[in-house]
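Peer 1: Just dropping this structure here.
Nothing in this text is a laboratory measurement; each read-out follows from the coordinates by a stated rule. Because the structure is predicted, anything quoted here is derived from the model rather than measured. Every residue, glycine among them, receives a Cβ derived from its backbone with ideal geometry; neighbour counts consider all protein chains shown.
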Amino acid sequence: MSFFHAITPFLEVLIIAVMLNYILSFFWNTKSMDLVWGFFAFFLILAISSWLDLPVLHRIMVLIGNVLAIAIIVIFQPELRVALAKLSFKSRRSRDITEFDKLLDQFAASVYRMSEKRVGALIAIENDDSLEEYAQKAVMLNAAFSPELLETIFSINTPLHDGAVILRDQVLLAAAVILPLAEDASQLARSMGTRHRAGLGLSHMTDALVIVVSEESGKVSIAREGIMTRGVKIDRFKGIIRSIFNPPARLGASKFNLREWLKA
């Protein structure tokens, strides 16, 4: 017990240092940082008034401090909500699954909106095999995925609507990508055109998952490992993608890292 009391001051200093580091790193380079410096100045004046025994100034600062306790909650309400969310005890894997499901819902909704409007689309989702060689010959985007951007690319009036889009994780890597055509197109119906043949061709050469939206029928097809599945409904669509790109299957167990956890 005496040993614990001996290390208590060091433990308290460590905890306070971690808290201050978290608070400062959260507000650094934001407009809220000016208010943080203002609070530091206020506490400095409060300490000086107590140290120099200035009763009137000290009393005024205490009264202001009582108001500031409520003002902090009101002023920093959005920031505090985000900061507390980051302190969640959910595992990183749970957060990854939540983000994955959110992205999958947005992606599926975007694909099936194009399907309803009969907007032709060709999307290659990169898996383990790199699609960099195809991306380098196309228009590089390196843009964060958004349904609006994806649908705009395949709009008939845009210069990028011909060809495929490569999706790598949460990044739209390239557009107007030319994919290799399948030499054996016997499994394709007559109504399937160049998009389907290109999607099938890439699935023969890589482990990418290729999604084709037919401009003629609006049907969604998926090509993988040289097999084209036509008329995929949205629930099955999500199930196929989830079975291949599900985060727990792609993330290995890692050791706990305090610095990485604080950055998360």
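Peer 1: What nm value, rounded to one decimal, do you get for the distance between E225 and F39 when each label is placed 7 Å out toward the C-beta?
Peer 2: 5.5 nm
Peer 1: Once both labels are modelled 7 Å past Cα along the beta-carbon direction, what's the D53-F10 spacing in nm?
Peer 2: Distance between label points: 3.8 nm.
Peer 1: So, one more: I178 to E99: FRET efficiency via 1/(1 + (r/R0)^6), r the Cβ-Cβ distance, R0 45 Å, to the nearest 0.05?
Peer 2: Efficiency, from the Cβ-Cβ distance: 0.90.
Peer 1: Additional query: Taking R0 as 30 Å, what's the FRET efficiency between S186 and R236 from their Cβ-Cβ distance, rounded to 0.05?
Peer 2: 0.80
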